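Right, one structure below, let's go through it.
Just so it is clear, none of the values below were taken in a lab; they were calculated from the coordinates. It should be emphasised that the depicted structure is a prediction, and the values quoted were computed from it without experimental measurement. Glycine also receives a Cβ, built like all others from the backbone with ideal geometry; neighbour counts cover every protein chain displayed.
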Amino acid sequence: MEDKKYILSILVDNEPGVLARVAGLFSGRGYNIESLCVAETTDPLVSRITMVTKGDTSIVEQIKKQLFKLINVIKVYDLTGTEHVQRELILIKVNAKPEFRAEILRIVDIFRSKVVDVGPEHFTIEVTGSEEKLSAILSLLKPIGIKEVARTGKIALSREAK
Amino acid sequence: MKLTGAQILIEMLKQEGVDTIFGFPGGKVIDIYHELAKTDIKHILVRHEQGAIHAADGFARAGNRVGVCLVTSGPGATNTVTGIASAYMDSIPVVIITGQVPSYLIGNDAFQEVDIVGITRSCTKHNYLVKETEELARIVKEAFHLARSGRPGPVLIDIPQDVQQKAITFKHPDKINMRSYNPTYTPNMTQLKRVVQLFRKAKRPIIFSGGGAVLSKASQELTLLAQKLHIPVTSSLMGLGSFPGTDSLWLGMLGMHGTYRANMAINESDFILAVGVRFDDRVTGKIDEFAPNADIVHIDIDPTSIHKNIPVHTPVVGDCKITLGLLNTLVDKEDFTGSIKGRKKWLTQIEFWKRTSPFIYNQKNIIKPQYVIDTLYELTKGDAVITTEVGQNQMWTAQHYHFDHPGQFITSGGLGCMGFGLPAAIGAQVACPDKLVVDIAGDGSIQMNIQEIATAVQFNLPVKVVILNNQYLGMVRQWQELFYDKCYACTSMDNTPDFVKLAEAYGATGLKATRPEEVEPVLKKGLSSDKTVIMEFMVEREESVYPMVPAGKAINEMLLA
């Protein structure tokens, strides 16, 4: 069976140690975590973990069941193959020597991103979007010279029925 | 009324019906011990914390209740880890209470500080670090609930010393409110109706029961169903006792050292009703060739057990006892005479396998370990509670002692933890003071927790230890003989202590048999004593456990001798 990417949205008790339990489950059983994003929800007692994992169907089925078996896991949603919106945010610190500044700003404009920090030698750019969009802007900025990158990992929510 | 954390803990333990604790004091549990001494809760003082956790495990299995273990921080806590892992693998309800350095010192690498919650995260069902005395009562209540409900398992509570000492107004927590934990006990009826139709269709059916059937006390329902439908039964090591070992439908244990007939039957079957099993690799052998023609129905309370190792056709998530009870009711509504008649050929085939390859050994001049267990079985009329260590002693016991009742066979199945049998026997003896409790051991594994003889003697526990002494780490030696060119690397233990003197040094009775004719008298004398007894049997050094499925081979590729 072929490995596929899965996007899981996991509601957990907002308590210390819960992330360690989730991460430990993956490391202990040899599952993959591609990206992981955690924050409190509107209910301060609950956090949402959005996780991208890779595996064949049977492994991912097992992952979902194992996650749900953790006492602090309230709900596991598999958003793969369902209607959902997903976003990722990336901060890119790019070399901005005078001769490149106009080019960088053009790219920023095309991607509807924005410059959030600026210095004599750099721009820091904030971009949100799909994985494809983020790789596209990264590949355009690469020749100019990327100093550093920080990305959030994917977050996602299911779409409501229309 | 204001109570300290330590007093609240004791109060909650009483509420949970705890009357026995296995433990070992230390600096960070002094407050708890101080309060414990004022109660009538029995405390069994072990000689090593690993003994405490195994004893709590044995107590839980033999007594059908939650075992409790109390140890101090740091080394006290880490010494329990092996036993916690064993209880976790075998789903045994145990609550482990560990002391911790005061909360303001946590993270400072204080004396005897260890992150036991971090260490045991992957080998407990759940664990807690109690941060405030106010949370303690609720946590203890939750811990006991988690330990015994759903798929049972060990739960650890780590209590910092300042949390034990702080006094607060105690309010009894009346209800457990855990929104994320709600095990499924009652199965889906549509699935069950499908299962009943499979019973009808099956020409070569087999029931395969495991530890889950023992834990959920499903034996009666299981036996009834098998007898009603004339379906032969096999079990995993953990399932022994879930179906009477003397019943004519009993096939014996399945797996690597299972019976020839059980392994042949499961592979030829066209229908398997798997009850509370997890299809461990010791049972399936090579996965791709396991029961190739069978429709598998898998009943388990833990959804993660289903489809984990073996793809099954009909999953049933639910409690084994409830599910089998419902199946019995459904079966009663229909007539199965036709399908039972159609199974004659199958039962004849099984009878043939049974006759072709029984367990054989030839008792000549040197004591055969199997002979010791056969004699023990006869002398105890199959009625003893048996614990084992791990290795050949464990497999011979599983093969030669026939267990009619659940809770009668207590062994470290999943983890395979040497040093388990003696402390587990101590726990079982505390739980069942009127029963004969025997630990069947090897000379290697008994030395892993031999110090617990002192515990047995101190608390007048008449545990009997049978040591099958081959002066080898026998199971590894057997693998070296079969698969490693007879290179017995580091498995010879020819400097075993004089177990008779050792027993006497501890204040127990020591007996020894070196010739076959001494086996029965030694067993008779030992078993009839009301003291702790070690019986040592000098057995054939290079005897191996057969039949055997070599690791990675299909379950029907058995070495018979």
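Summary of computed values
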quantity	calculated
Shielding of A:68-77 by partner chains, average beta-carbon count, 10 Å	4
Kirkwood Rh in Å, taken over all unlike Cα pairs in chain A	17.6 Å
Relative contact order [Cα under 8 Å, 6+ residues apart], chain B, whole percent	14 percent
Point-to-point label distance, B:Glu504-B:Asp383, nm (Cα→Cβ direction, 7 Å offset)	3.3 nm
Local electrostatic count, B:Met238, Cβ distance below 15 Å [Lys/Arg +1, Asp/Glu -1]	-1
Area projected by the alpha carbon convex hull of the range A:1-42, averaged over all directions, nm²	3.7 nm²
Tensor-based shape of chain B (alpha-carbon gyration tensor, a/c under 1.5 rounded, otherwise prolate or oblate)	oblate
Folded to 0 to 90 degrees: helix A:18-29 orientation relative to chain A principal axis, Cα	80 degrees
Neighbour-count ranking [beta-carbon atoms within 10 angstrom, fewest first] of B:Cys487, B:Cys417	B:Cys487, B:Cys417
Between the range B:202-253 and the range B:58-105, the alpha-carbon center distance in angstrom	31 Å
Ranking of B:Tyr361, B:Tyr401 by count of other Cβ atoms within 10 Å, fewest first	B:Tyr361, B:Tyr401
Relative contact order [Cα under 8 Å, 6+ residues apart], the range B:189-356, whole percent	27 percent
Ratio Rg/Rh, restricted to the range A:4-78 and using Cα atoms, in which Rh is the Kirkwood radius	0.94
Considering only chain B, percent of DSSP beta bridges that pair antiparallel, nearest 5	10 percent
Distance between the range B:484-545 and the range B:127-190 - C-alpha centres, whole angstrom	44 Å
Phi to ³J(HN,Hα) by Karplus 6.51 cos²θ - 1.76 cosθ + 1.60 over the range B:149-156, Hz, x for Gly, Pro	9, x, 7, x, x, x, 10, 10
Inter-chain shielding of A:51-64 (mean C-beta neighbours from other protein chains, 10 Å cut-off)	1
Relative contact order (percent, whole number), the range A:4-78, Cα cutoff 8 Å, 6+ residue spacing	47 percent
Amide H contacts under 5 Å for B:Met493, placed H, 5+ residues apart	B:Tyr472, B:Leu473
Exceeding the 32 Å Cα-Cα cut-off - candidates B:Lys321/B:Lys368; B:Lys14/B:Lys228; A:Lys64/B:Lys193; B:Lys333/B:Lys381; B:Lys308/B:Lys368; A:Lys54/A:Lys133	B:Lys321/B:Lys368; B:Lys14/B:Lys228; B:Lys333/B:Lys381; B:Lys308/B:Lys368
Over chain B: helical MRE at 222 nm, DSSP H runs n ≥ 4 each giving -39500 (n - 2.57), nearest 500	-11000 deg cm²/dmol
Prolate/oblate/rounded call for the range B:189-356, Cα gyration tensor, a/c under 1.5 rounded	rounded
Whole-Hz ³J(HN,Hα) from phi, Karplus 6.51 cos²θ - 1.76 cosθ + 1.60, for the range B:504-510, glycine and proline x	5, 4, 7, x, 9, 9, x
Helix A:98-110 vs. chain A, principal-axis angle (Cα, 0 to 90°, nearest 10)	50 degrees
Measure of compaction for the protein assembly as shown (Cα Rg per 2.2 N^0.38 Å)	1.09
Cβ-derived FRET efficiency at R0 45 Å, A:Ser58 paired with B:His405, nearest 0.05	0.75
Ranked B:Ile10, B:Ile266, criterion: other C-beta atoms within 10 Å, fewest first	B:Ile10, B:Ile266
Peptides ranked, highest mean first, by Cβ atoms within 10 Å: ranges B:76-83, B:328-335	B:76-83, B:328-335
Part-to-part distance (alpha-carbon centres) for the range B:425-482 and the range B:324-390, which is given in Å	25 Å
Rounded to whole Hz, the Karplus (6.51, -1.76, 1.60) HN-Hα couplings of the range B:437-444, x for glycine and proline	10, 10, 9, 9, 10, x, 5, x
For residues of B:125-131, the mean tally of beta carbons on other chains within 10 Å	2
Loop chymotrypsin sites (Phe, Trp or Tyr not before Pro), the range B:31-134, which have at most 12 other Cβ atoms in a 10 Å radius of their Cβ (DSSP)	B:Phe111
Protection proxy ranking, peptides B:226-232, A:15-21, B:245-251, average beta carbon neighbours within 10 Å, highest first	B:226-232, B:245-251, A:15-21
Ordering of B:208-215, B:165-172, A:65-72 by burial proxy (mean other Cβ atoms within 10 Å per residue, highest first)	B:208-215, A:65-72, B:165-172
